[in-house]
Amino acid sequence: NRYFSDIRAILNLAKRKRIIKDFAPVDKLQADERRETRALTNEEIEKIYSALPEYLKDPFMFALSTGWRKSNLVNLTRAHLTKRPDNTYKICFKAKEMKRKKPFEHYCTQEETEIINRNLSMKDPFIFRRETKVNGAKTKHLGDFKKSIIRTRKITGIYWTWHWLRHTRATRYAEMGINQQQANRLMAWSPKSRMWGNYEHLQEEHLSKLRQDLESFGHHMDTKTNIGKI
């Protein structure tokens, strides 16, 4: 809105100074079609991962595993890490670093710990970095990687956003059958959040499919048993 207001102001000034006689109305560009956020399939994840530049591959898998928001991933530093007795990491974010303005603790899996160890550097504070020059300056963190995402869309033909990784993680938690309290804590939602209601139906769908698969397996075993008796 401010961009178009500035254009109008400049054109009005030019008109008052008689630099131009008049100008056509300045219309806003049509917004991109709104796309529904959805979970990525395993096949889509593999395609996107293959198309990503090397510096984004580990952050991509870490975000997919944790479900973190982009800002927390980009700003993850050594100071957030605490080594646990089993050599995995506990990660602590302060309230001011979280969208909900509440402190957040994340307990890393072994796979997440291995990703951090691969990227850990004693000379740079940030865990995930883009160690190339951007606009003439070497970056010390991931920065804005929107262009890389757009590039992977063109390569794979899959429209996706970084937030879809968070949605994918929440979907997988639902399929695992965790309860609302666990989901709110893992996803850094408020204890009273109703966000989990968007995913609870997936538990029923997953359990229904599981029952169908078990029934099909049972019929298959019955058939084999009958064949053995003939």
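Nothing in this text is a laboratory measurement; each read-out follows from the coordinates by a stated rule. Since the model is a prediction, treat every value here as computed from it, not as a measurement. Here the Cβ positions follow ideal geometry from the backbone for every residue, glycine too, while neighbour counts run over all protein chains shown.
Quick notes
- ³J(HN,Hα), Karplus 6.51/-1.76/1.60, whole Hz, each residue of the stretch 41-57, x for Gly, Pro: 7, 4, 5, 5, 4, 5, 5, 5, 4, 5, 7, 6, x, 4, 5, 9, 5
- Three-way shape call for the stretch 67-199 based on the alpha-carbon gyration tensor, with the a/c threshold at 1.5: oblate
- Dipole magnitude (debye, nearest 20) for the stretch 66-135, charges at Cβ of Lys, Arg, Asp, Glu: 480
- The label-point distance for ASP22 and ARG84, in a model that sets each label 7 Å from Cα toward Cβ, rounds to 7.1 nm.
- With the simple spin-label model, which puts each label point 7 Å out from Cα in the Cβ direction, the ASP124 to HIS163 separation comes to 2.8 nm.
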